[in-house]
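Asker: Take this structure, written in structure tokens, and hold onto it; I'll ask about it next.
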Amino acid sequence: MPRKPEGQTKFDCFVRDFGVEELARRLGIHSSAIWHWIDGSTSPHPSNAIKLQTLAKERSVDLSLEEIYQHFRDVGSKRYRPRSLKPKLPRAPKNLRSTITASPIR
């Protein structure tokens, strides 16, 4: 496998060298799933991760499960996270919150 470009993970390089369409065909999944893996929005199901390792070995590439899932942690952490997935911060106690009273409109 050629040297990986700066900023790309070993998983990313393997997938792109293999070819997204061919990899999808060999795994029996839609190519959009693989693009989601590459952009970090999802990670492969463990059964697909093991199949990826087997396909990598066929091409004399040593690709560990750690390297597969590290890609998701590295790339996925740089993506925008919806508000629902952001950690909840504790609220101030009621007695410390400022109270805003609306004055009647005249």
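Asker: Does L63 satisfy being surrounded by 14 or more Cβ atoms within 10 Å (Cβ to Cβ), in contact with a helix residue (DSSP H, G or I) (Cβ under 7 Å, 6 or more places away or on another chain), part of a loop (DSSP other than H, G, I, E, B) and hydrophobic (A, V, I, L, M, F, W, C)?
Answerer: yes
Asker: Can you tell me which residues in the stretch 24-51 are in contact with a Leu (Cβ under 7 Å, 6 or more places away or on another chain) and either surrounded by 17 or more Cβ atoms within 10 Å (Cβ to Cβ) or more than 21 Å from S64 (Cβ to Cβ) (or both)?
Answerer: Residues satisfying the conditions are I34, P44, N48, A49, K51.
Asker: Checking Y80 against (1) touching a Lys or Arg at 6+ places or on another chain (Cβ under 8 Å); (2) of a type in the set (F, W, Y); (3) at pLDDT below 90, which test does it fail?
Answerer: All conditions pass for Y80, except number (1).
Asker: Among the residues of the stretch 12-23, how many are surrounded by fewer than 18 Cβ atoms within 10 Å (Cβ to Cβ) and either of a type outside the set (G, A, S) or within 14 Å of I68 (Cα to Cα) (or both)?
Answerer: 5
Asker: Taking helices (runs of 4 or more DSSP H) that do not extend beyond the stretch 14-59, which have at least 3 residues that are under 13 Å from F72 (Cα atoms)?
Answerer: Ranges flagged: 31-39.
The values are calculated or read from the model by the stated rules, or taken from the named source; none is laboratory data. On a predicted model such as this, the values are computed, not experimentally measured, just so you know. As a convention, Cβ positions derive from the backbone with ideal geometry for all residues, glycine included, and neighbour counts pool all protein chains shown.
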